[in-house]
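Trainee: Structure incoming, see below.
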Amino acid sequence: MRKALVAIFLVMVVVFAMGFKVIMVTDIGGLGDKSFNDGTWEGALIAAKEIGAEAQVIQSYEQADYIPNLTKAAQQADVVFAVGFMMTDALFKVAKQFPNTYFVGIDITPPEGQTLPNVVCYIFKEEQAGFYAGYIGAAMTATGKIGFVGGIPIPPVERFRYGFEAGAKIYSTLHKKKVEVLKGYTNDFEDPKKGKDLTLAQYAQGADIVFLAAGACGNGGIEAAKEKMVALVGSDKLADIIDYYMKNKKGYFAIGVDVDQDYMAPGVVLCSATKGISTAAYYGVKAAWEGTFEGGLQVLGIKEDGAGVSPMKYTKGMVPNSVIAEVAYLTKLVKDGKLVIPDTEDALKAFQVPSITFPF
Amino acid sequence: MNNRLWAFLVPIISVIMALLISSVVILLIGQDPIVAYAALFKGAFGSKLAIASVIIKTTPLILTGLAVGFGFRAGLFNIGAEGQMVMGAMIATAFAINVAWMPAVLAIPLTMVVGMAAGAGYAAIAGVLKAKTGAHEVVTTIMLNWIAEYLSSYVVTVPMGVGFGTPKSPEIANSAKLPPLMTVQATELTSGIIVAVIAAVVIYIVLEKTTKGYELKGTGFNPYAAEYGGIKISQNIVLAMAISGALSGLAGTLEVMGVHHRFLGTLSGGKGFDGISIALIGQNNPIGIIFAALLMGSLRTGSNEMQFVGVPKHIILIVQAIIIFLVAADRIVRTILIRKKRVKAS
């Protein structure tokens, strides 16, 4: 009898799992952006594999595709992912129609006053990730100028910038090094050419490190950095780049965004300001599967693994140990709430670097 | 065979050939073309939602196709449909936000007129430049596209921007919204399609049945001969650009009034450029353009469904590219057809 029950239970679990389907709808950036679409997909896949669910991805051509794609996905799936800030309105319109389907919005803030029990939204404290980019950039610049290349100036991009400027200011105040921040926007998240042009323009204005918070546009910026660096060093080998840098203490660098992009040009991408996108996607699926799903907004920062910096696999040798130790100490201060990175324009303007003494 | 039949046959045969060639690509990526095309068809016509989505996508494409096609007939290559669409949509939105006090019978046509006027005015800049200085419209309209794009992303983030989420303007007044023909879940099928079809018919009549249309076509065929015949070339260039721009402006305006109900920075999404290929497939004939736009709209809508059976949407870009290639190089199709006939005859 017990055996039969166990067997029935197992069959039910398997059948249930087979029926569980996760569909992710990308924004117009699409898969292959090496940024948040890819990051979400990675997290969704890991979770789907773990619970034996089926996972599928649907890409959108244009803004008018969001509603039909989300609708079709909701008709078939148990968990639907909407990725990217631009899908906010479509997500909430569709989710209202399908109260029995779970929706996970990545990088989406619910419109004022709208929370649905079947929609969880994850956003990130980009300013805390941007802070790393600013701090490390300011520490490493040889020209005293670092650049910021944003996509469309929407809040997540702007938060990266606030953190970036604050990070640079913290370094410059603590070490009395003059650091200027150049700013520019591509007004686009898709076209790498625009990212490349703007990055080259900032190099021409004297920056030697450019932070690319511009989705797939950033890939062009990394290409620009690589071209400049290779022209300078005369080789694209990591060892040669490190040798050149250690000897001359100069070079052209890019800073990646959203996910660890260091691998895209080893030695040229100094570090990446990362968001816990795949972590969020993973938790979204798991919560729906385990029945602990709760609608609302979740803000993930350094403390919740929602913001961070890449492990700098290739560039660790170039970044002085003291900088790495300082970053680790500041991380702890942010976690403890002793250092607050500004997350609005006003907060950035009012931002004063607190007196920090490193215990070393 | 006469030319009319050719104009009709070439696009159809091109579509069939494009689907056949693309099926090889689908086979190469290890998928079944029959399954893929079945999903494509189902995704475009298999449900109310699908049909509604096709019509929504087709509406602006008809208008941008007309805009470019009309330009071609008058000897102008208007690459600026994208920018004119954005300007039309943006200015129409600025107007439509403030017309809550107007009844819909007034607000709807007036908003359309404002949008068309904005598109027309913007395109006329390129027209005047060409007529006065000889600056080529290809260059000037491309430049104007960028101005429109950056201006719109500024407008939508700073002076007109509201709320969180997508950079967007406030919602337009209810009286300026187009009434939906039907509502399927969150998708509203707007009556914009009716306006678009009417526009196509009007353009057809203007081109084929009026003196002005004859003048415009004359300017396109041979400006020197036209001028010799007493047609004012520079006036006609500006007028043709303005009409072309008005159509693009209307495309953007209908997107605002019917689909998004507000202005979005990325509203045009390349539809102005799609107009070029649609005009080509429709052989610059207003009625042909309706069908070309419908073809493009259904391919795109269907391709979303195709993704559910594991075929990437990019296949449809291949289909599209092959169609355009074959239509543009219609001699290839003609040669194949004629050869077949000869073989049969012998």
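Trainee: Just to be sure, is B:Ala186 crowded, with 20+ Cβ neighbours inside 10 Å, within 14 Å of another protein chain (Cβ to nearest Cβ), within 24 Å of B:Thr59 (Cα to Cα) and at pLDDT 85 or above?
Mentor: Taking the combined requirement at face value, the residue does not satisfy it.
Trainee: When you look at B:Gly265, is it touching a helix residue (DSSP H, G or I) at 6+ places or on another chain (Cβ under 8 Å) and farther than 19 Å from B:Ala52 by Cα, yes or no?
Mentor: On the way: touching a helix residue (DSSP H, G or I) at 6+ places or on another chain (Cβ under 8 Å): yes; farther than 19 Å from B:Ala52 by Cα: yes.
Here the answer is yes, as B:Gly265 does meet what is asked.
Trainee: I'd like to check something: does region B:319-340 contain any residue that is in a loop (DSSP other than H, G, I, E, B), within 14 Å of chain A (Cβ to nearest Cβ) and modelled with pLDDT under 85?
Mentor: Taking every residue of region B:319-340 in turn, none turns out to be in a loop (DSSP other than H, G, I, E, B), within 14 Å of chain A (Cβ to nearest Cβ) and modelled with pLDDT under 85.
Trainee: Would it be correct to say that A:Val327 is closer than 20 Å to A:Gly267 by Cβ and assigned by TED's automatic domain parsing to the domain that holds A:Arg161?
Mentor: Yes; evaluated as a whole, the condition is true for this residue.
Trainee: Please go through region A:39-86 and pick out each residue that is touching a Phe, Trp or Tyr at 6+ places or on another chain (Cβ under 8 Å) and of a type in the set (D, E, K, R).
Mentor: Of everything in region A:39-86, those that are touching a Phe, Trp or Tyr at 6+ places or on another chain (Cβ under 8 Å) and of a type in the set (D, E, K, R) turn out to be A:Glu54, A:Lys72, A:Asp78.
Trainee: Additional query: Looking at this structure, is B:Ile324 closer than 23 Å to B:Ser248 by Cβ, among the β-branched types (Val, Ile, Thr) and touching a helix residue (DSSP H, G or I) at 6+ places or on another chain (Cβ under 7 Å)?
Mentor: yes
Trainee: Here is a further query. Filter region A:49-76 for residues that are surrounded by fewer than 22 Cβ atoms within 10 Å (Cβ to Cβ) and within 11 Å of chain B (Cβ to nearest Cβ) and give the result.
Mentor: A:Gln56, A:Val57, A:Tyr61, A:Glu62, A:Gln75, A:Gln76
Trainee: Related question: Output the residue which, of all residues in region A:208-257 that are surrounded by fewer than 22 Cβ atoms within 10 Å (Cβ to Cβ) and among the polar types (S, T, N, Q), is nearest to A:Lys196 (Cα to Cα).
Mentor: Ranking the qualifying residues of region A:208-257, first place goes to A:Ser235.
Trainee: Can you find a residue that is part of a helix (DSSP H, G or I), buried (at least 20 other Cβ atoms within 10 Å of the Cβ) and basic (Lys, Arg) anywhere in region A:192-199?
Mentor: Looking for residues that are part of a helix (DSSP H, G or I), buried (at least 20 other Cβ atoms within 10 Å of the Cβ) and basic (Lys, Arg), one finds at least one in region A:192-199, hence yes.
Trainee: Taking A:Tyr132 as meeting all but one of (1) under 23 Å from the mean Cα position of the chain (by Cα); (2) among the hydroxyl-bearing types (Ser, Thr, Tyr); (3) not assigned by TED's automatic domain parsing to the domain that holds A:Tyr162, write down the number of the exception.
Mentor: A:Tyr132 satisfies all of (1) under 23 Å from the mean Cα position of the chain (by Cα); (2) among the hydroxyl-bearing types (Ser, Thr, Tyr); (3) not assigned by TED's automatic domain parsing to the domain that holds A:Tyr162 except (3).
Trainee: Please go through region A:319-357 and give me each residue that is of a type in the set (A, V, I, L, M, F, W, C) and touching a Leu at 6+ places or on another chain (Cβ under 8 Å), ordered by number.
Mentor: Selection gives A:Val319, A:Leu330, A:Leu333, A:Leu339, A:Val353, A:Ile356.
Trainee: So which of A:Asp262, A:Asp305 ends up being assigned by TED's automatic domain parsing to the domain that holds A:Glu190 and of a type in the set (Asp, Glu)?
Mentor: Within the list A:Asp262, A:Asp305, the selection yields A:Asp262.
Trainee: Filter region B:107-137 down to residues that are touching a residue at least 24 places away in the same chain (Cβ under 8 Å) and surrounded by fewer than 15 Cβ atoms within 10 Å (Cβ to Cβ), then give me how many there are.
Mentor: Qualifying residue count for the region: 1.
Trainee: Just checking, which of A:Asp243, A:Asp236, A:Asp188 is more than 14 Å from every other protein chain (Cβ to nearest Cβ), acidic (Asp, Glu) and not in a helix (DSSP H, G or I)?
Mentor: When all the criteria are applied, what remains is A:Asp236.
Trainee: Starting from residues that are in a loop (DSSP other than H, G, I, E, B) and within 30 Å of B:Arg4 (Cβ to Cβ), keep the ones in region B:247-285 and report whichever is nearest to the other protein chains (Cβ to nearest Cβ).
Mentor: Taking region B:247-285 and keeping what is in a loop (DSSP other than H, G, I, E, B), we get B:261-263, B:265-270, B:282-285.
So of that shortlist, the ones also within 30 Å of B:Arg4 (Cβ to Cβ) come out as B:282-285.
Numbers: B:Gly282: 21, B:Gln283: 25, B:Asn284: 25, B:Asn285: 26 Å.
Per the criteria, the residue is B:Gly282.
Trainee: Can you name the number of the only condition in (1) surrounded by 21 or more Cβ atoms within 10 Å (Cβ to Cβ); (2) within 12 Å of chain B (Cβ to nearest Cβ) that A:Gly113 fails?
Mentor: The one condition A:Gly113 does not meet is (1).
Trainee: Given the condition out of contact with any Pro (no Cβ under 9 Å at 6 or more places or on another chain), more than 19 Å from B:Ile324 (Cα to Cα) and not β-branched (Val, Ile, Thr), answer yes or no: does some residue in region B:7-26 qualify?
Mentor: No: region B:7-26 contains no residue that is out of contact with any Pro (no Cβ under 9 Å at 6 or more places or on another chain), more than 19 Å from B:Ile324 (Cα to Cα) and not β-branched (Val, Ile, Thr).
Trainee: Which residues, taken from region A:77-91, are outside any strand (DSSP E or B) and more than 9 Å from chain B (Cβ to nearest Cβ)? Steps first, answer last, please.
Mentor: Residues of region A:77-91 that are outside any strand (DSSP E or B), as a first pass: A:77-78, A:84-91.
Scanning region A:77-91 gives A:Ala77, A:Asp78, A:Gly84, A:Leu91.
Trainee: Hey, another quick one. Which pairs turn up if I take residues in region B:84-96 that are assigned to a helix (DSSP H, G or I) and look for partners that are acidic (Asp, Glu) with beta carbon separation below 9 Å, at least 6 apart in sequence or on another chain?
Mentor: Every condition considered, the pairs that remain are B:Met85/B:Glu255; B:Val86/B:Glu149; B:Ala89/B:Glu255.
Trainee: Moving to a separate point now. Pairs please, first residue from region A:151-163 and within 11 Å of another protein chain (Cβ to nearest Cβ), second anywhere and of a type in the set (D, E, K, R) and surrounded by fewer than 24 Cβ atoms within 10 Å (Cβ to Cβ), Cβ atoms under 8 Å, 6+ apart in sequence or on different chains.
Mentor: A:Gly151/A:Asp188; A:Ile152/A:Asp188; A:Glu158/A:Glu345
Trainee: Condition first: under 19 Å from A:Ile154 (Cβ atoms) and under 20 Å from the mean Cα position of the chain (by Cα). Now tell me which residues in region B:122-178 satisfy that.
Mentor: Listed by number, the residues that qualify are B:Glu149, B:Ser152.
Trainee: Say whether the condition of being under 20 Å from the mean Cα position of the chain (by Cα) and touching a residue at least 40 places away in the same chain (Cβ under 8 Å) is met by at least one residue in region B:204-226.
Mentor: yes
Trainee: Would you pick out the residues in region A:92-110 that are hydrophobic (A, V, I, L, M, F, W, C) and either part of a helix (DSSP H, G or I) or more than 9 Å from chain B (Cβ to nearest Cβ) (or both)?
Mentor: Listed by number, the residues that qualify are A:Phe92, A:Val94, A:Ala95, A:Phe103, A:Val104, A:Ile106.
Trainee: Quickly run through region A:80-121 and pick out the residues that are of a type outside the set (A, V, I, L, M, F, W, C), in contact with a strand residue (DSSP E or B) (Cβ under 8 Å, 6 or more places away or on another chain) and modelled with pLDDT of 90 or more.
Mentor: If the condition is that a residue be of a type outside the set (A, V, I, L, M, F, W, C), in contact with a strand residue (DSSP E or B) (Cβ under 8 Å, 6 or more places away or on another chain) and modelled with pLDDT of 90 or more, then A:Thr101, A:Tyr102, A:Gly105, A:Asn118 are the ones that fit.
Trainee: Picking from A:Gly284, A:Gly291, which residue would you name as being surrounded by fewer than 21 Cβ atoms within 10 Å (Cβ to Cβ) and either farther than 25 Å from A:Ile146 by Cα or in contact with a Ser or Thr (Cβ under 6 Å, 6 or more places away or on another chain) (or both)? Full working, then the answer.
Mentor: Numbers: A:Gly284 fails: surrounded by fewer than 21 Cβ atoms within 10 Å (Cβ to Cβ).
Of A:Gly284, A:Gly291, the one residue that is surrounded by fewer than 21 Cβ atoms within 10 Å (Cβ to Cβ) and either farther than 25 Å from A:Ile146 by Cα or in contact with a Ser or Thr (Cβ under 6 Å, 6 or more places away or on another chain) (or both) is A:Gly291.
Trainee: Which residue is modelled with the lowest pLDDT, if the candidates are limited to region B:294-317 and must be touching a Ser or Thr at 6+ places or on another chain (Cβ under 7 Å) and within 14 Å of another protein chain (Cβ to nearest Cβ)?
Mentor: Taking the candidates together, the pick is B:Lys313.
Trainee: Still on this structure, please answer the following. Given A:Tyr245, A:Tyr252, A:Tyr263, which one is more than 24 Å from A:Gly301 (Cβ to Cβ), among the hydroxyl-bearing types (Ser, Thr, Tyr) and in contact (Cβ under 8 Å) with a residue 60 or more places away in the chain?
Mentor: Step by step, each of A:Tyr245, A:Tyr252, A:Tyr263 is checked, and only A:Tyr245 is more than 24 Å from A:Gly301 (Cβ to Cβ), among the hydroxyl-bearing types (Ser, Thr, Tyr) and in contact (Cβ under 8 Å) with a residue 60 or more places away in the chain.
The values are calculated or read from the model by the stated rules, or taken from the named source; none is laboratory data. No experiment lies behind these values; they were computed from the predicted model shown. Glycine gets a Cβ as well: all are built from the backbone with ideal geometry, and neighbour counts include every protein chain shown.
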